[in-house]
Amino acid sequence: MTMQRRGIIKNPENSAIEKKIKRGNAQRQASSGRSKAAMLLLLLLLITVTGLVSWMYFTWTDDFTHTLVSRGEILTQPRVFMVDCSEDYKKYKHFPGCTPTKCGRAISDNVVTLEEAQRLRRLAERGLSLAGSDGGASILDLHSGALSMGKQFVNVYRYFKDDIRDVFTEEDFELYRDIRGRIQNAIAEIFGLDSTQMYLTKPTFFSRINSTSAKTTHDEYWHPHIDKETYGSFDYTSLLYLSDYGLEFGGGRFVFMDPNTNRTVEPLTGRVSFFSSGSENLHRVEKVAWGTRYAITVSYTCDPDYAIDNPSLP
Ligand SMILES: *[C@@H]1O[C@H](CO)[C@@H](O)[C@H](O)[C@H]1NC(C)=O
Ligand SMILES: *[C@@H]1O[C@H](CO)[C@@H](O)[C@H](O)[C@H]1NC(C)=O
């Protein structure tokens, strides 16, 4: 009984305590629910702010750089990007079927095979290994024979005389002629030209660029420029890449500098990029940060007075 009574007496106390505990629990649950909600809100806010900041970052910085073609993609057909022609061509004689009336750029991975590009790369390596610039940018021009040496140029054909036949073969030159003809046809097709009215012009050369700092202005390849301003005879410029961006060298992307956007082309062995040479195609090459970048510049004119012949072994 006593036990029972005690029990009965104690029960209300117990239940009061239990109620308190329950209330406490409920309060704690409620407050933990509130803090969970607050945490979630904070997290959402954080995500939003991070998103906003990176959006602003990419909008204000990176968004002005667009990749026209990345190294990772292989184009199955030319990527064409047309722009309005500048007035530059009006200062020169008009050659129907050749003088640019349609302007822009195109990139193609189908003009030259990987195997052909690799052969040209070896040709470039052999030729350029004979000398090279003290600065980071060396050139070899098979037409004139010009080769960077120290702070100037030598004529490989005169300098190495008959020994040059140990470096270059007739087959190398045949391949070079064949490829430059195919690039010419690709340009004619994209810009609607008569390829028989187009001529090779100078300079047309191999380039080898590494990260060594410039020693003379010849080494300063990275300045923005317009080919038709630098070389009045140019109407179309083409580049054949002989090494891979990101694998063999860093930096060194080609950049079309449009009024509100920089558009890059990432070099890939065998990739051909070509464009009308006027100020609608202001461009630069980024400084090479590491590794070695090989390419060939092949230029075309509409003016037969500025035409040059295919190169041939002397
Ligand atoms: C870059 O090439 C030059 C030859 O033109 C060479 O002397 C130099 O060591 C090279 N630099 C690097 C960083 O490989
Ligand atoms: C394009 O690149 C150049 C050189 O890096 C830079 O000065 C210029 O501001 C860039 N243009 C745009 C629109 O981002």
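The values are calculated or read from the model by the stated rules, or taken from the named source; none is laboratory data. Since the structure is predicted, the reported quantities are computational estimates derived from the model, not experimental observations. Every residue, glycine as well, gets a Cβ built from its backbone with ideal geometry; the counts of neighbours run over all protein chains shown. Side chains included, ligands, DNA and RNA excluded: accessible areas come from the protein's heavy atoms. Shrake-Rupley method; radii C 1.70, N 1.55, O 1.52, S 1.80 Å.
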For the range 223-240, indicate whether the set of residues that are surrounded by 18 or more Cβ atoms within 10 Å (Cβ to Cβ), over 30 Å from HIS94 (Cα atoms) and under 22 Å from the mean Cα position of the chain (by Cα) is non-empty. no
Could you list, in sequence order, all residues of the range 120-143 that are closer than 18 Å to PRO203 by Cβ and of a type in the set (Asp, Glu)? ASP141
Quick one: ASN155 ticks every box in (1) closer than 29 Å to TYR89 by Cα; (2) open to solvent by 10 Å² or more (accessible area, probe 1.4 Å); (3) free of Cβ contacts under 8 Å to residues at least 60 places away in the same chain except a single one, so which number is it? (1)
Listed by first then second residue, the pairs whose first member lies in the range 125-142 and is open to solvent by less than 40 Å² (accessible area, probe 1.4 Å) and part of a helix (DSSP H, G or I), whose partner is more than 16 Å from ligand 2 (Cβ to nearest atom) and of a type in the set (D, E, K, R), with beta carbons under 8 Å and at least 6 positions apart or on separate chains, are LEU128/ARG208
Does ARG126 qualify as being under 20 Å from ALA295 (Cα atoms) and more than 16 Å from ligand 1 (Cβ to nearest atom)? no
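Residues are listed down the side, and each one gets a yes or a no for (1) within 16 Å of ligand 2 (Cβ to nearest atom); (2) in contact with a Pro (Cβ under 7 Å, 6 or more places away or on another chain):
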position	(1), (2)
SER277	no, no
LEU282	yes, yes
VAL288	yes, no
THR292	no, no
VAL298	no, no
CYS302	no, no
TYR306	no, no
ASP309	no, no
LEU313	no, no
If GLU189 satisfies every condition in (1) assigned to a helix (DSSP H, G or I); (2) open to solvent by 50 Å² or more (accessible area, probe 1.4 Å); (3) touching a residue at least 12 places away in the same chain (Cβ under 8 Å) but one, which is the exception? (3)
Starting from the range 230-248, take each residue that is over 22 Å from ARG126 (Cβ atoms) and list its partners that are open to solvent by less than 20 Å² (accessible area, probe 1.4 Å) and among the β-branched types (Val, Ile, Thr), counting only C-beta distances under 6 angstrom and pairs at least six apart or across chains. SER233/THR201; SER233/THR301; ASP235/THR301; TYR236/ILE187; SER238/ILE183; SER238/VAL298
Only unsatisfied item for PRO304, checking (1) of a type outside the set (Asp, Glu); (2) within 23 Å of SER129 (Cα to Cα); (3) open to solvent by 40 Å² or more (accessible area, probe 1.4 Å), is (2)
Within the range 169-217, which residues are among the hydrophobic types (A, V, I, L, M, F, W, C) and within 16 Å of ligand 1 (Cβ to nearest atom)? PHE205, PHE206, ILE209, ALA214
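Using the structure shown, decide if LEU120 is at pLDDT 95 or above, within 16 Å of ligand 1 (Cβ to nearest atom) and open to solvent by less than 70 Å² (accessible area, probe 1.4 Å). Spell out the reasoning first.
Details: at pLDDT 95 or above: yes; within 16 Å of ligand 1 (Cβ to nearest atom): no; open to solvent by less than 70 Å² (accessible area, probe 1.4 Å): yes.
Against the criterion (at pLDDT 95 or above, within 16 Å of ligand 1 (Cβ to nearest atom) and open to solvent by less than 70 Å² (accessible area, probe 1.4 Å)), LEU120 does not qualify.
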Any chance ASP258 is within 16 Å of ligand 2 (Cβ to nearest atom) and surrounded by fewer than 18 Cβ atoms within 10 Å (Cβ to Cβ): yes
